[in-house]
Amino acid sequence: MSLSSNFPDTRPSLNLDFAKVKRLDPRITFTRASTATYYDGVTTAKAEENLLLQSQTFENASWTKSAATVTANAEVAPDGTTTADAVIEDTSTNVHLIQQGLILIATSYTFSAFVKPNGRTWAMLSANQVGNGYAYFDLTNGVTGTIGAAATASITASTNGFYRVSITVTVSAGSNSFAIRTATGNGTSSYTGDGTSGIYVWGAQLEQRSAVTAYTVTTTQPITNYIPVLLTAPAGTPRFDHNPVTDESLGFLIEEQRANLLTYSADFADAAWFKNNVSVSSNTVVSPDGALTGDKLIASSGSSIKYIDRTVTIAASTTHTWSVYMKAGEYSTATMYAISPTSPFEFFQATVNLLTGAISNTNSGNGGVFTAATAIAVGNGWWRVSLIGSVGAKTSINTRIYPNVSSVFAGDGFSGIYIWGAQLEAGTFPTSYIATVASSVTRAADAASMTGANFSEWYDAGEGTFYSDTYSYSTTASTSPILYGNNANCRFLYYPNTNGIRAFDGTTTTSFSAANKRNANVKSSCAYTTTEIFGSIDAAAVVSGSFTAAKTQTKIDIGNGAGSYLNGTIKKLSYYPERLSNAQLQALTS
């Protein structure tokens with residue numbers, strides 16, 4: 001007989017399908033005294049976008065040339081490759097330009113390019129169908145010149161003598177074209193050319209928004225990427241979390257209280273972060289919260305030790321989890337390093353591949369202890385990378401990022417990685433992100449329970465059966481309750497501080513599974529009478545034990561109890577007001 005044929009005929013008197021319904025039953029009392037983050041599986045934000053074709057190959061027919069020619073691969077570009085093109089004016093009296101046309105909707109667009117003098121020290125960007133939609137740029141002094149009334153403009157120094165220049169305009173629907181012009185001075189883009197002068201150009205970009213973002217190369221197709229948005233739930237509002245990559249509904253999220261000890265968690269340009277042969281380009285990429293708040297960590301030119309770090313006061317002899325969101329830029333690896341700032345410099349470290357999430361180079365020394373490192377994909381190339389360990393009895397720690405595999409390497413002043421959302425928390429596993437600015441921030445614990453008539457109307461003190469589908473991402477350092485009674489510390493189902501899933505009646509422990517069930521979905525069932533308990537985990541054979549506390553319960557805590565927390569998600573909880581058979585217990589968890 002198959003397991004499926006043994007499913008109970010009795011309807012559950014409590015059926016909480018958190019993953020499907022995504023709200024709490026009104027009989028559940030929920031509290032959390034702070035905001036907290038989660039993914040809703042629906043909300044996305046536009047990330048990288050470049051609507052132009054052939055963004056680095058201006059000799060291509062996608063770019064129309066007017067009174068100008070293009071010489072391909074004529075100069076070393078900001079990224080260190082010889083891919084910048086020369087735009088050379090002809091000898092006519094005219095405007096000398098390259099441009100690309102598109103069909104657009106009526107809204108704001110930002111047009112940008114990297115430019116460098118090549119005989120002409122001024123350049124102009126224009127949106128040709130927008131009256132006064134232009135700006136001039138001084139490529140010697142790195143400042144804007146005349147800006148048309150319909151545009152806003154910016155200029156930012158890059159490497160190898162390039163500047164990134166941009167204009168933002170609001171266009172009308174229909175055909176539009178965007179041009180890069182050579183100029184002889186502020187306000188002068190129509191003149192008699194000499195046939196040899198011009199500018200170098202690289203990395204053109206058009207994006208439908210009002211600010212320039214990190215450059216994204218295109219060839220034969222435009223690019224528009226989207227990112228799942230890490231949302232913030234108000235205090236007192238339960239969270240129903242989702243896998244940000246697959247959108248799978250994970251259920252009701254329950255976490256313990258944690259504090260982020262790192263201030264300016266998303267502002268790496270702040271002076272609180274020490275830069276050693278690196279620089280930070282602020283707000284250059286769309287971050288996991290869907291805003292333009294991701295920073296670029298750029299390695300300086302020359303061979304040297306390159307890193308960014310913070311010194312933070314911590315509790316001595318305590319394991320800490322140091323995490324940060326990272327995304328590959330020109331570099332596809334990064335090393336997270338934690339070290340005490342005083343001799344003997346206890347440390348632990350790990351390297352992450354930002355294309356695959358693979359962890360390598362795990363190490364510790366001088367009394368530092370490496371515990372674990374993880375990389376969790378959160379969408380659009382971002383990873384939340386966590387490094388877990390301790391620096392012994394030291395009371396301070398440096399949280400450090402090397403923007404490459406090695407601490408010493410030759411940078412170019414342009415290449416780097418993207419970073420956002422740093423967190424240092426006392427604990428042996430990472431919890432949901434806690435944003436900070438000038439001070440540390442504490443996220444309060446989640447607490448859910450059913451009590452009084454809300455409990456007794458479905459619960460049978462004589463016999464019954466619980467079913468749960470849960471995921472706990474905590475380590476084995478603490479008990480993680482699934483269902484916790486209020487009398488005699490009764491735990492119908494819980495992850496102990498060692499492997500398995502168990503029940504406890506205040507005196508006797510019954511282990512339903514000896515295998516480690518953390519960091520994986522686990523289906524559990526337990527049936528009780530006034531004297532016994534029976535359990536099956538993931539369709540395994542039923543295990544029984546004595547259990548005398550069930551009849552005395554007057555409430556149930558869900559995912560928490562007596563100061564312990566699931567630190568994970570509950571997809572489903574059900575209760576049957578009878579002791580189901582052993583075959584039915586196995587069938588429920590198959």
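Yes/no matrix, rows are residues, columns are (1) at pLDDT 95 or above; (2) in contact with a Phe, Trp or Tyr (Cβ under 8 Å, 6 or more places away or on another chain); (3) farther than 26 Å from TYR473 by Cβ:
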{"site": "ALA527", "(1), (2), (3)": "yes, yes, yes"}
{"site": "PHE534", "(1), (2), (3)": "yes, yes, yes"}
{"site": "ILE537", "(1), (2), (3)": "yes, yes, no"}
{"site": "ALA562", "(1), (2), (3)": "no, yes, no"}
{"site": "LYS571", "(1), (2), (3)": "yes, yes, no"}
{"site": "TYR576", "(1), (2), (3)": "yes, yes, yes"}
{"site": "SER581", "(1), (2), (3)": "yes, no, yes"}
Exercise. Scan the stretch 1-15 and report the pairs whose first residue is modelled with pLDDT of 75 or more and whose second residue is polar (S, T, N, Q), with Cβ atoms within less than 6 Å and a gap of 6+ or a chain change.
Key: ASN6/GLN584; PRO8/GLN584; PRO12/SER574; ASN15/SER574
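Determine if the stretch 98-107 includes at least one residue that is among the aliphatic types (A, V, I, L, M), buried (at least 19 other Cβ atoms within 10 Å of the Cβ), closer than 22 Å to VAL171 by Cα and in contact (Cβ under 8 Å) with a residue 24 or more places away in the chain.
Pass one, the stretch 98-107, residues among the aliphatic types (A, V, I, L, M): 98, 102-106.
Retained after the next criterion (residues that are buried (at least 19 other Cβ atoms within 10 Å of the Cβ)): 98, 104.
Still in the running and closer than 22 Å to VAL171 by Cα: 98, 104.
Narrowing the set further to residues that are in contact (Cβ under 8 Å) with a residue 24 or more places away in the chain leaves 98, 104.
Scanning the stretch 98-107, I find at least one residue that is among the aliphatic types (A, V, I, L, M), buried (at least 19 other Cβ atoms within 10 Å of the Cβ), closer than 22 Å to VAL171 by Cα and in contact (Cβ under 8 Å) with a residue 24 or more places away in the chain, so the answer is yes.
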Quiz item: In the stretch 497-510, what residues are out of contact with any Leu (no Cβ under 8 Å at 6 or more places or on another chain) and either closer than 16 Å to ILE556 by Cα or surrounded by fewer than 17 Cβ atoms within 10 Å (Cβ to Cβ) (or both)?
Solution: ASN497, THR498, ASN499, PHE504, ASP505, GLY506, THR507, THR508, THR509
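Taking ALA214, is it assigned to a loop (DSSP other than H, G, I, E, B), within 15 Å of SER432 (Cβ to Cβ) and in contact (Cβ under 8 Å) with a residue 60 or more places away in the chain?
Working: assigned to a loop (DSSP other than H, G, I, E, B): yes; within 15 Å of SER432 (Cβ to Cβ): no; in contact (Cβ under 8 Å) with a residue 60 or more places away in the chain: yes.
Judged against the criteria, ALA214 is not a match.
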Quiz item: In the stretch 217-258, which residues are under 20 Å from VAL21 (Cα atoms), in a strand (DSSP E or B) and either at pLDDT below 95 or of a type outside the set (Lys, Arg) (or both)?
Solution: LEU231, THR232, ALA233, PHE240, ASP241, HIS242, SER249, LEU250, GLY251, PHE252, LEU253, ILE254
Exercise. Tell me which residues, restricted to the stretch 478-500, are touching a residue at least 60 places away in the same chain (Cβ under 8 Å) and assigned to a loop (DSSP other than H, G, I, E, B).
Key: SER478, THR479, ASN486, ASN487, ALA488, ASN489, CYS490
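Within the stretch 385-430, can you find the residues that are of a type in the set (Ser, Thr, Tyr) and more than 30 Å from VAL76 (Cα to Cα)?
Selection gives SER386, SER390, THR395, SER396, THR399, THR428.
Using the structure shown, decide if TYR264 is part of a strand (DSSP E or B) and within 30 Å of GLY568 (Cβ to Cβ). Walk me through how you get there before you give the answer.
Details: part of a strand (DSSP E or B): no; within 30 Å of GLY568 (Cβ to Cβ): yes.
Against the criterion (part of a strand (DSSP E or B) and within 30 Å of GLY568 (Cβ to Cβ)), TYR264 does not qualify.
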Quiz prompt | Those strands (runs of 3 or more DSSP E) lying entirely in the stretch 385-441 with at least 2 residues buried (at least 19 other Cβ atoms within 10 Å of the Cβ), assigned by TED's automatic domain parsing to the domain that holds SER301 and in contact with a strand residue (DSSP E or B) (Cβ under 7 Å, 6 or more places away or on another chain) | solution = 396-402, 416-426
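Do we find that ASP85 is at pLDDT 95 or above, out of contact with any Leu (no Cβ under 9 Å at 6 or more places or on another chain) and not assigned by TED's automatic domain parsing to the domain that holds GLY413 in this structure? Before the answer, list the steps.
Details: at pLDDT 95 or above: yes; out of contact with any Leu (no Cβ under 9 Å at 6 or more places or on another chain): yes; not assigned by TED's automatic domain parsing to the domain that holds GLY413: yes.
Considered against the rule, which asks whether it is at pLDDT 95 or above, out of contact with any Leu (no Cβ under 9 Å at 6 or more places or on another chain) and not assigned by TED's automatic domain parsing to the domain that holds GLY413, ASP85 comes out as yes.
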Quiz item: Counting just the residues of the stretch 460-483 that are closer than 24 Å to PRO12 by Cα and touching a Phe, Trp or Tyr at 6+ places or on another chain (Cβ under 7 Å), which one comes out surrounded by the fewest Cβ atoms within 10 Å (Cβ to Cβ)?
Solution: GLU463
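Out of the residues in the stretch 449-477 that are in a strand (DSSP E or B) and among the hydrophobic types (A, V, I, L, M, F, W, C), state the one that is farthest from TYR565 (Cα to Cα). Step through it out loud before you land on a result.
The initial filter retains those residues of the stretch 449-477 that are in a strand (DSSP E or B), namely 449-451, 464-472.
With the extra rule that they be among the hydrophobic types (A, V, I, L, M, F, W, C), the set shrinks to 450, 466.
Values: MET450: 16, PHE466: 19 Å.
It comes out as PHE466.
Within the stretch 517-528, is even one residue free of Cβ contacts under 8 Å to residues at least 40 places away in the same chain and surrounded by fewer than 19 Cβ atoms within 10 Å (Cβ to Cβ)?
Step one: list which residues in the stretch 517-528 are free of Cβ contacts under 8 Å to residues at least 40 places away in the same chain, which gives none.
No.
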Exercise. Could you look through the stretch 161-211, keep only residues that are part of a strand (DSSP E or B) and of a type in the set (Lys, Arg), and pick out the one that is farthest from ALA72 (Cα to Cα)?
Key: ARG164
Exercise. Would you check which residues across the stretch 302-343 are part of a loop (DSSP other than H, G, I, E, B), among the small types (Gly, Ala, Ser) and surrounded by fewer than 21 Cβ atoms within 10 Å (Cβ to Cβ) and list them?
Key: ALA315, ALA316, SER317, SER332, SER343
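The values are calculated or read from the model by the stated rules, or taken from the named source; none is laboratory data. Every value quoted in this text rests on a predicted model; they were computed, and no experiment measured them. In this analysis, Cβ positions are derived from the backbone assuming ideal geometry, glycine residues included, and neighbour counts consider all displayed protein chains.
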